[in-house]
Amino acid sequence: MQAVFHLILVGELLAIALTVVHGGVVDFNWNRLGVLSMLIQWIVLTSAACLCPLRPWFRRQHPMVAGVISYLLVLGITVLYTVVGAFIQDLDGPFPWDQLLTNLMLAAVFAGIVLRYFYLQQQLRNQQQAELTARIQALQARIRPHFLFNSMNSIASLIAIDQDAAEKMVVDLSELFRASLSEPGLIPLENELELCRRFVAIEQIRIGDRLQVEWDLDHMPEAKVPSLLLQPLIENAIYHGIQPLLEGGTVTIAVKRVGSHCRIQVRNPIGDTQQASNKGNGMALENIRHRLEAHYGEKGELQVQATASFYEVTVEFPAVPPAVVG
């Protein structure tokens, strides 16, 4: 609807400009404006209606071929409506060849400008999409080394004392890295939570009973999230929150729908000596902020609440993702 409105607006501005050029501002001819508006709007809207269904076919053609066909189509529609308008206005008089040539020249100039603008706009959009994909891949790749080193150290420590636990950890780790090495994009929230459960299982083998996890998923929406968005938050909660505490603690993970948004909260306890260690969360949190911005723009949000007894990270984003990414 926005694109159609812009086309109508541009067409009307063109009709006003041509009316002013013909008679000036003082002798502004409203009848001429009405006739020009009718002719231009029919040409603009019919051209758009013909070009839009052809977009899949145009994508398979060379840009030059698609541009020439689009250009000729607009000129053909201009000729058609000029001829129809001439017969409607004066069925008995001579055919206004001069009017046809004038309309054809105007259409040739403005159609060339508009089509060139649309082409450059599409090129810019394609470039931005490619840069966005590369950026998301880079951000996701930065998660892997830190997670890999922690997991491999855990497996190495288990091999000598509990081979079954080490084998289970290898299986869970393989599933996590299968997801990590996949193409970056949006995945179902349930899949992301399953990956997080595997990660928690790895950490519980390493830390033991000191780590407890509570899952609050009663009001979980059917949403999609960027791959490996939640796992770094849980990793930080365990590494910076639970691991330094001798008595351990509980990580609480709550997922619920708030209006049209999905809200994820990860909370962990902290001790008096852990305030400085929480600064280590900065890189992972900044990474997640960038990924939310890349996928959701201003609609994705990350907030941190730190007190003397707990550290909580809240991530909120639209439950229905935009069609641009994903």
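The numbered conditions (1) open to solvent by less than 70 Å² (accessible area, probe 1.4 Å); (2) at pLDDT below 85 are all true for Gln89 except (1). Per the conditions (1) part of a helix (DSSP H, G or I); (2) at pLDDT below 85, the sole criterion not satisfied by Phe110 is (2). In the condition set (1) surrounded by fewer than 20 Cβ atoms within 10 Å (Cβ to Cβ); (2) in a loop (DSSP other than H, G, I, E, B), Leu229 is compliant with all but (1).
Within region 286-305, being in a strand (DSSP E or B) and either open to solvent by less than 60 Å² (accessible area, probe 1.4 Å) or touching a Cys at 6+ places or on another chain (Cβ under 6 Å) (or both) holds for one residue alone: Leu302. Against the test of being in a helix (DSSP H, G or I) and either surrounded by fewer than 14 Cβ atoms within 10 Å (Cβ to Cβ) or modelled with pLDDT of 90 or more (or both), the options Gln121, Gln61 yield a single qualifying residue, Gln121. Please indicate, with yes or no, whether at least one residue in region 255-278 is within 18 Å of Glu316 (Cβ to Cβ), open to solvent by 50 Å² or more (accessible area, probe 1.4 Å), at pLDDT 85 or above and out of contact with any strand residue (DSSP E or B) (no Cβ under 8 Å at 6 or more places or on another chain). Yes; the residues of region 255-278 include at least one that is within 18 Å of Glu316 (Cβ to Cβ), open to solvent by 50 Å² or more (accessible area, probe 1.4 Å), at pLDDT 85 or above and out of contact with any strand residue (DSSP E or B) (no Cβ under 8 Å at 6 or more places or on another chain).
For region 92-103, filtered to residues that are open to solvent by less than 80 Å² (accessible area, probe 1.4 Å) and over 50 Å from the mean Cα position of the chain (by Cα), the residue that is modelled with the lowest pLDDT is Gly93. For region 202-222, the condition holds for at least one residue, the condition being that it is closer than 21 Å to Pro318 by Cα, in contact with a His (Cβ under 9 Å, 6 or more places away or on another chain) and not in a helix (DSSP H, G or I). Put simply, of Glu247, Glu235 the only residue that is in a loop (DSSP other than H, G, I, E, B) and at pLDDT below 90 is Glu247.
Scanning region 186-224 for residues that are open to solvent by 80 Å² or more (accessible area, probe 1.4 Å) and in contact (Cβ under 8 Å) with a residue 60 or more places away in the chain turns up Glu222, Lys224. Does Met38 satisfy the criteria of being open to solvent by 60 Å² or more (accessible area, probe 1.4 Å), closer than 20 Å to Met105 by Cβ and not hydroxyl-bearing (Ser, Thr, Tyr)? Yes. For region 170-222, what are the residues that are farther than 25 Å from Gly241 by Cβ and modelled with pLDDT under 80? If the condition is that a residue be farther than 25 Å from Gly241 by Cβ and modelled with pLDDT under 80, then Arg178, Leu181, Ser182, Glu183, Pro184, Gly185 are the ones that fit. Just so you know, in region 1-28 the residues that are outside any helix (DSSP H, G or I) and open to solvent by less than 70 Å² (accessible area, probe 1.4 Å) include one that is modelled with the lowest pLDDT, and it is Gly24. Would you confirm whether any residue within region 202-213 is over 30 Å from Ala308 (Cβ atoms), basic (Lys, Arg) and in contact with a helix residue (DSSP H, G or I) (Cβ under 7 Å, 6 or more places away or on another chain)? Within region 202-213, none of the residues are over 30 Å from Ala308 (Cβ atoms), basic (Lys, Arg) and in contact with a helix residue (DSSP H, G or I) (Cβ under 7 Å, 6 or more places away or on another chain).
The values are calculated or read from the model by the stated rules, or taken from the named source; none is laboratory data. Note that this is a predicted model, so its numbers are computed, not measured. Neighbour counts are summed over all protein chains in view; Cβ atoms, including those assigned to glycine, are modelled from backbone coordinates with ideal geometry. Quick note on the areas: whole protein, heavy atoms, side chains included, nothing else; ligands and nucleic acids left out. Shrake-Rupley method; radii C 1.70, N 1.55, O 1.52, S 1.80 Å.
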